[in-house]
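Engineer: I'd like to ask some things about the structure below.
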Amino acid sequence: MAPFFCLNFFFQPTLTLPMGNTLRLILGDQLNAQHSWFSTVDNHITYVMIESREEGSYAPHHIQKVTGIFSAMRQFAQSLQSSGHHFYYHSILDGSEPNLRTILAELAQKKGIKHIELQEPDEWRLREDLEKLQDEGFEISWYSSEHFISSSDEFQRLFKGKKTFLMETFYRALRKRTGLLMDGKQPVGGKWNYDAQNRKKLPKDHLPPPPFLPSTDVSKEFADAMAAKLPTIGKLEDPMHFYWPTTPAQAWEIFDHWLQYGLHSFGDYQDALTTKSWSLYHSRISFALNTKMIQPLEVCQRVETFYRTNPEVPLNAVEGFIRQILGWREFMRCVYWHRMPEFASENFFEFDRKLPQWFWNGETKMKCLSHTIGQSLNHGYAHHIQRLMVTGNFALLAGIDPDEVDLWYLGIYIDAFEWVEITNTRGMSQYADGGWIATKPYVSTANYMKKMGDYCDQCHYNPKTKTDDDSCPFNALYWNFFDSQRDKLQSNFRLGMVYRTYDKMNITVKAGIREKAQSLLDNINAL
């Protein structure tokens, strides 16, 4: 496939709207070419896609995220128009300021169109905003995005009358319904979950292969134009070596390469922390999934088919990967719609500290954080343990305002959309919901970083001490967190060992920890 933007950077589909027409809006994360909308060409329907300044700037988005989404949108529009569909594409280069809904309403009014059809957005704020079209006199019809494996109705039925909502319960129910990794009524291998086998440190002499790069469809001219129009963070040093797919064909190219060369080690090293590789053995298809370029059920089915035809592939890798999509991703989406909009303002610990300045540039002496943040700024990506147990761990121990944390994660990661970001960040990572998603705060001392990778080997700080001048900040902050939040956490059944250990420390040690922690927090921008 020829590079699209090199050929036609200012792509603008023509607009032919007969009276009595219907507009169908396609959002930037609804790039599902398999949707039933597109099965036939109807000359009375015009599809609309909008590059909205508001959508591109409600968070400080990574330049690779902005470039990737708008590039994928334009190629999706061109593909549909080439198939004969009527199309209107609003480019951000047009310079108009209104939000997405305003642009859509103005277009419909200009052409005398009353009927607008929409696929259900994944984000609460967009659903709430687009519903205003009905108050403005338009006839609105909602359709499924035809992407997710589960639904809110299935979620509600499964947990009806239950006080707790366990992902494992949800995951097993979907395994049974879809038949994924099932031998009749039993899970393949006799166990549902092999997570305990997926926590290995990368061996010292082990070097993961470099990430596979698809044929790029991004030009420097396009990337520069997006950066000039929107406030962005991060880097895109060489658009001709763009790491992320912007078409389904590219996504499957990356995925098929990963099946051959990455899946076998994914399970063992998916949690590893290392400076040797930014992508390790991760598949790098989360961006394609979250923009709906490819479908989650098909992804899971391809993995299972590969496993059953390649018996040397470890089951812990296959099950671990499928669980991330079939279990965690689907579960988080259902939780999002069950708990919003209140979920977005929950702050269990009432934290209000600002993010350190170095979260925006990676300039900290803590190697684990400087590497993870630097990698995120360079590639728009960090794997789940880097997000949870490095940046998220520090943010929680330091008492950062969850609003600050949400905004940072939402902007810096190419695969971050609110429905999947906020549930993982405010819930799983920051425990801001008070334990609705996670059964305990996911925090640790430096010992976890040392156990899982090589960050501590190259760090300015000493991971073994708590209160010395060069002690790793994670150590004092960890014990100070549990001490200061004792009234909210000591009854948690999973934290009994933590408090028993702390209570065995003498008074002098505890006082030293509190003093050290306060000094670290007072000088947080100098760490």
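Engineer: Considering only protein heavy atoms and a 1.4 Å probe, what is the carbon-and-sulfur percentage of the accessible area of the chain?
Structural biologist: Ligands and nucleic acids excluded, carbon and sulfur reach 50 percent.
Engineer: Here is a follow-up. About its Cα centre, what dipole magnitude does region 413-527 give when the only charges are +1 on Lys and Arg Cβ and -1 on Asp and Glu Cβ, stated in debye to the nearest 20?
Structural biologist: Computed charge dipole of region 413-527: roughly 620 debye.
Engineer: Greater than 18 Å separation of Cα atoms is the criterion. Which listed pairs, 235/354; 65/367; 204/464; 464/510, meet it?
Structural biologist: 235/354; 65/367; 204/464
Engineer: Over region 375-478, what per residue volume does the convex hull of the Cα atoms give, in whole Å³?
Structural biologist: It is 106 Å³ per residue.
Engineer: Still on this structure: Restricting things to alpha carbons, tell me how big the chain is in terms of Rg and Dmax, in Å.
Structural biologist: 24.0, 81
Engineer: What number, rounded to the nearest 500 deg cm²/dmol, is the helix-based mean residue ellipticity at 222 nm of the chain, given -39500 (n - 2.57) per DSSP H run of at least four residues and division by all its residues?
Structural biologist: -12000 deg cm²/dmol
Engineer: Let me ask something additional. Working from the pairwise distances between different alpha carbons, so that the mean of 1/r is found and then inverted, what is region 214-346's Kirkwood radius in Å?
Structural biologist: Evaluated over region 214-346, this radius sits at 17.0 Å.
Engineer: Zone of residue 298 (label point 7 Å along Cα→Cβ, backbone N under 12 Å): which residues in region 33-57?
Structural biologist: Only 33-36 fall inside the zone, counting backbone N under 12 Å.
Engineer: Between region 388-440 and region 20-94, how far is it from one alpha carbon centroid to the other, in angstrom?
Structural biologist: 29 Å
Engineer: Further, regarding this structure: In nm, give the distance between the simple-model label positions of residue 457 and residue 523, each being 7 Å from the Cα along the Cα-to-Cβ direction.
Structural biologist: 2.9 nm
Engineer: Also, quick follow-up: Quick one: check the C-alpha center-to-center distance for region 157-214 versus region 257-302, whole angstrom.
Structural biologist: Distance between centres, Cα-based: 14 Å.
Engineer: Could you check the spin-label model distance between residue 144 and residue 228? Points 7 Å from the Cα along Cα→Cβ, value in nm.
Structural biologist: 4.4 nm
Engineer: With a 1.4 Å probe and every protein chain left in place, work out the accessible area per residue of the chain in Å², rounded to a whole number.
Structural biologist: 41 Å²
Engineer: Could I ask something else about it? Just going by the charge dipole of the chain, with Lys and Arg at +1 and Asp and Glu at -1 on Cβ, which of 28, 274, 73 is farthest out on the positive end?
Structural biologist: 274
Engineer: Still on this structure, I have one more. So if I place +1 on the C-beta of Lys and Arg and -1 on the C-beta of Asp and Glu, and nothing else carries charge, what would the dipole magnitude of the chain be about its Cα centre? I want it in debye, nearest 20.
Structural biologist: Computed charge dipole of the chain: roughly 1840 debye.
Engineer: Between residue 43 and residue 131, what's the calculated FRET efficiency when r is the beta-carbon distance and R0 is 41 Å? Round to 0.05.
Structural biologist: 0.90
Engineer: Calculate, in nm to one decimal, what residue 503 and residue 193 gain on full extension: separation in residues at 0.36 nm each, minus their alpha carbon distance.
Structural biologist: 108.1 nm
Engineer: Enter the angle in degrees (range 0 to 90, nearest 10) between the Cα long axis of helix 248-261 and the first principal axis of the Cα atoms of the chain, meaning the one along which they spread out most.
Structural biologist: Relative to the chain, helix 248-261 is tipped by roughly 40 degrees.
Engineer: How big is the charge dipole of region 131-203 about its Cα centre, in debye rounded to the nearest 20, if each Lys and Arg gets +1 on its Cβ and each Asp and Glu gets -1 on its Cβ?
Structural biologist: 960 debye
Engineer: Please name which of 103, 361, 89 has its Cα lying farthest along the dipole of the chain towards the positive end, using unit charges on Cβ (Lys, Arg +1; Asp, Glu -1) and the Cα centre as origin.
Structural biologist: 361
Engineer: Sticking with this one: May I ask which residue of 505, 471, 490 lies farthest towards the positive end of the charge dipole of region 459-527, with charges of +1 (Lys, Arg) and -1 (Asp, Glu) on Cβ and the Cα centre as origin?
Structural biologist: Of the listed residues, the answer is 490.
Engineer: Which of the lysines could be linked to residue 111 by a straight reach, that is with a Cα gap under 26 Å, when you skip same-chain ones fewer than 8 residues away?
Structural biologist: Output for residue 111: 132.
The values are calculated or read from the model by the stated rules, or taken from the named source; none is laboratory data. Because the structure is a prediction, the values reported are computed rather than measured. Please note: Cβ atoms are built from the backbone with ideal geometry, for glycine as well, and neighbour counts cover all protein chains shown. What goes into the accessible areas is simple: the full protein's heavy atoms, side chains included, and nothing from ligands, DNA or RNA. Shrake-Rupley method; radii C 1.70, N 1.55, O 1.52, S 1.80 Å.
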